[in-house]
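Below is one structure, written out as structure tokens; comments come after it.
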Amino acid sequence: MDFAPVDGSAGLSSEWRRSPYISWQALAYPSLKLGVLASGNGSNFDAIMTAIERSELRAAANVVICNNPDAKVLERAAQRSIPTALLNHREFESRELLDRAIVATLKQYDVDWVIMAGWMRRVTQHLIDAFSGRLLNIHPSLLPSFPGLHAVQQTLDAGVKLAGCTVHHVELAVDSGPIVMQAAVPILPTDTEASLQARIQGQEHRIYPAAIAIAAYQLARQTQAADV
Ligand code: GRF
């Protein structure tokens with residue numbers, strides 16, 4: 001496997017170069033073959049692709065799987081010449097059968113990490129088992145608070161001061177699983193669901209590429225330790 005690090009230190013000061021801090025762009029992990037699951041707009045998909053194009057994230061998107069024929073993410077993928085597969089959940093008799101088709105498609109495209117980016121379907125154990133430890137999701141709240149639908153409105157209704165977003169490994173319970181990275185977003189007195197969601201999304205686009213790199217690095221370290 002290829003563990004060459006990305007040089008994320010270009011253009012930084014000599015003090016920074018001496019610092020023990022390693023930016024996520026410089027982490028070492030094998031180059032990733034991503035399968036993206038998305039149901040809607042696809043702004044997180046775009047942010048991930050931008051990080052790849054800037055050589056900040058060592059990965060390629062092998063396929064985008066979408067369950068919604070009208071989703072904008074299909075256009076975004078086509079613009080970047082990324083293969084797409086439309087697996088409309090309405091054409092499957094059960095979640096399990098949809099997930100079996102998803103896993104078969106991911107294998108067909110030789111995917112090794114699955115990135116749920118606005119994927120609006122509950123997953124089954126079949127998908128989790130097929131990509132154990134290599135299946136990530138992003139959610140617009142500071143989990144474990146406010147899992148499930150309408151997380152931003154749930155956050156506003158609770159009257160808390162901080163909103164945010166979370167990238168986590170996927171387990172069977174909705175929006176559960178070990179957390180990889182979070183970003184906090186202060187709530188302003190004037191916030192509406194739309195205004196807060198927009199600021200949260202800005203942070204999602206920042207943390208999702210970083211979280212993918214960190215999760216890949218953690219898995220590479222675990223694998224190396226197990227090999228010793
Ligand atoms: C994001 O806010 C994410 O947290 C949630 O769905 C939204 C997807 O947005 N799971 P986009 O399709 O990536 O623009």
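With +1 on each Lys and Arg Cβ and -1 on each Asp and Glu Cβ, and nothing else charged, work out how big the dipole of the stretch 30-227 is about its Cα centre, in Debye to the nearest 20.
Values: 17 positive and 19 negative charges, 60 e Å.
For the stretch 30-227, the charge dipole is close to 300 debye.
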Using 0.36 nm per residue, how much length does the chain from Ala220 to Glu93 gain when fully extended, once their Cα-Cα distance is taken away? 42.0 nm
Using Cα springs under 10 Å in a Gaussian network model of the chain, which residue among Arg58, Arg76, Arg122 shows the largest mean-square fluctuation? Arg122
Post the alpha-carbon centroid distance, the stretch 63-117 to the stretch 41-62, in whole angstrom. 16
Relative intensity, log₁₀ I(q)/I(0), of the stretch 30-227 from a Debye sum that treats every alpha carbon as a point, q = 0.10, 0.14, 0.18 Å⁻¹: -0.40, -0.79, -1.29
Take the alpha-carbon centre of the stretch 178-216, take the same for the stretch 151-169, and report the distance between them in whole Å. 10
Evaluate the distance, in nm, between pseudo-label points positioned 7 Å from the Cα of Ser23 and of Gln153 along their respective Cα→Cβ axes. 3.9
Pairwise Cα inverse-distance average, inverted: Kirkwood Rh of the stretch 32-110 (Å): 12.9
Local electrostatic count, Gln79, Cβ distance below 13 Å [Lys/Arg +1, Asp/Glu -1]: 0
Grab the other residues whose beta carbon is less than 15 angstrom from that of Arg206, score K and R as +1, D and E as -1, and report the net. -1
The set of residues whose placed amide H lies less than 5 Å from the amide H of Ala163, leaving out same-chain residues fewer than 5 positions away, is Val185, Ile187
May I ask you to list the aspartates and glutamates whose Cα is less than 15 Å away from that of Lys161, ignoring any residue fewer than eight positions away on the same chain? Asp191, Glu193
Cross-link reach from Lys72 to aspartates and glutamates, straight Cα distance under 19 Å and at least 8 residues apart if same chain, gives Asp46, Glu204
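Given the stretch 113-228, what whole percent of its Cα pairs are spread farther than 17 Å? Don't skip to the end; give the middle numbers.
Values: 3680 of 6670 pairs.
In whole percent, the long-distance tail amounts to 55.
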Modelled label-to-label distance, Thr192 and Ser81, 7 Å Cα→beta-carbon offset: nm? 4.1
Show the residues, 5+ positions off or on another chain, whose built amide H is closer than 5 Å to the amide H of Thr84. Val64
For Lys107, counting only lysines whose alpha-carbon sits under 23 Å away and dropping same-chain residues fewer than eight positions off, the answer is Lys33
So what are the ³J(HN,Hα) numbers for the stretch 44-61, from phi and the Karplus equation (6.51, -1.76, 1.60; θ = phi - 60°), rounded to whole Hz, Gly and Pro as x? 5, 4, 4, 5, 5, 5, 4, 5, 5, 5, 7, 6, 8, 10, 8, 6, 9, 8
If amide H atoms are modeled at 1.01 Å from N in the peptide plane, then the residues at a separation of 5 or more from Ala59, or on another chain, having amide H under 5 Å from its own are Leu32
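Taken together, the values in this text are just the output of simple stated rules run on the coordinates, not laboratory data. Because the structure is predicted, anything quoted here is derived from the model rather than measured. Cβ coordinates were reconstructed from backbone atoms using ideal geometry, including for glycine residues, and neighbour counts include every protein chain displayed.
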